[in-house]
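Note sheet for the following structure.
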Amino acid sequence: MYKTKLFDHVILIIGVIIMLGPLVVAFTTSSHTAAEIHQKGLMLSMGGHLEETYHKVLFAQTGFNGKVTGLSMLINSLILGLGFAIGKIVLSMMAAYAIVYFRFRFATLAFWIIFTTLLLPLEVRIMPSYKVASDLGLLNSYTGLILPLLASATGTFFFRQFFKSVPEELLEAARIDGAGPFKFLIDILVPLSRTMIAAVFIIMFVYGWNQYLWPMLMTTDENFYTLMRGIKQILQVWVGAQIPDYNEAFAMAVLAMLPPIVIVVVFQSWFIKGLTETDK
């Protein structure tokens, strides 16, 4: 019994080291200068330029217009992540609600048509999506970054499965009490769906936060650059004797990991419950 527990703990510790190792190395490396990193590679010890590097990354004005900061890119990424998460949840929940409760003809076929869009990733349909957004004048705007990608087959699937597990007696009781479709959705289904909403929110927030290709196409104005694009921009800037700002790139990578980590930690219990709970 003792050996089994010891083995389990060893496996868990190894997993933690594998998962957190790159993050720790990135953090310690970011505290050194670009020249030191270029000369010695990744650093396992802390350097003396931590505060200087992170202050520069967050507040130094860079870019062609001289107004872009890491903080502004962080805010843009946060808007993109929250916009994706909230918009996809609302749209997916409404689609699943219509499919499950309105019982219109070919509802199942409509769901499977929606579900098959999972076979068409963003890279496949990015040019038609860009053309439509461009024709609608959505370039260089938060609306253009968020709106064209709000439809989510994954979210619709999760909410459909959840709604199908809700007892029919709740719907009948709501009808007897005089509750209409909208009131039934807001007052009954939404509160019941808290754990599922939390689970989908985490998935969609991380998906939106990590977007790189779509923001790169949709934005030419530096005021709308996200952190993911900012990391690439830093590596394209050369200093001194042809040395990229490695320390700033690592610092920005660390900053880019913090919001998703916070979201996952805060909603962890709801996330697990939302994906595993089936009995209502």
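Some notes on this structure:
- Only one of Leu91, Leu136, Leu71, Leu150 that is more than 18 Å from Leu227 (Cβ to Cβ), surrounded by fewer than 15 Cβ atoms within 10 Å (Cβ to Cβ) and either free of Cβ contacts under 8 Å to residues at least 12 places away in the same chain or not basic (Lys, Arg) (or both): Leu136
- Tally, over region 36-77, of residues that are assigned to a helix (DSSP H, G or I), over 26 Å from Pro260 (Cβ atoms) and of a type in the set (A, V, I, L, M, F, W, C): 0
- Residue selected from region 18-52 under the condition among the β-branched types (Val, Ile, Thr) and free of Cβ contacts under 8 Å to residues at least 60 places away in the same chain, by the criterion least open to solvent (accessible area, probe 1.4 Å): Thr28
- Taking the conditions (1) crowded, with 16+ Cβ neighbours inside 10 Å; (2) in contact (Cβ under 8 Å) with a residue 60 or more places away in the chain in turn, Tyr142 satisfies each one other than (1).
- Among (1) in contact with a Leu (Cβ under 9 Å, 6 or more places away or on another chain); (2) free of Cβ contacts under 8 Å to residues at least 12 places away in the same chain; (3) open to solvent by 80 Å² or more (accessible area, probe 1.4 Å) - the single one Phe59 does not satisfy: (2)
- Helices (runs of 4 or more DSSP H) contained in region 158-240 and holding at least 1 residues among the aliphatic types (A, V, I, L, M) and touching a Phe, Trp or Tyr at 6+ places or on another chain (Cβ under 7 Å): 168-176, 194-209, 213-218, 227-235
- Look at region 104-131: where a residue is exposed (fewer than 10 other Cβ atoms within 10 Å of the Cβ), no partner that is at pLDDT 85 or above and among the small types (Gly, Ala, Ser) sits 6+ places away or on another chain with Cβ atoms under 6 Å.
- Among (1) closer than 22 Å to Ser77 by Cβ; (2) of a type in the set (Gly, Ala, Ser); (3) out of contact with any Leu (no Cβ under 9 Å at 6 or more places or on another chain) - the single one Ala151 does not satisfy: (3)
- Pairs where the first residue, in region 231-249, is at pLDDT 80 or above and the second is charged (D, E, K, R), C-beta under 8 Å, 6+ apart: Glu248/Lys56
The values are calculated or read from the model by the stated rules, or taken from the named source; none is laboratory data. Remember, predicted model here, so these are calculated numbers, not experimental data. Note that we place each Cβ from the backbone using ideal geometry, even for glycine, and neighbour counts take in every protein chain shown. The accessibility values were calculated without ligands, DNA or RNA, using every heavy atom of the protein model including side chains. Shrake-Rupley method; radii C 1.70, N 1.55, O 1.52, S 1.80 Å.
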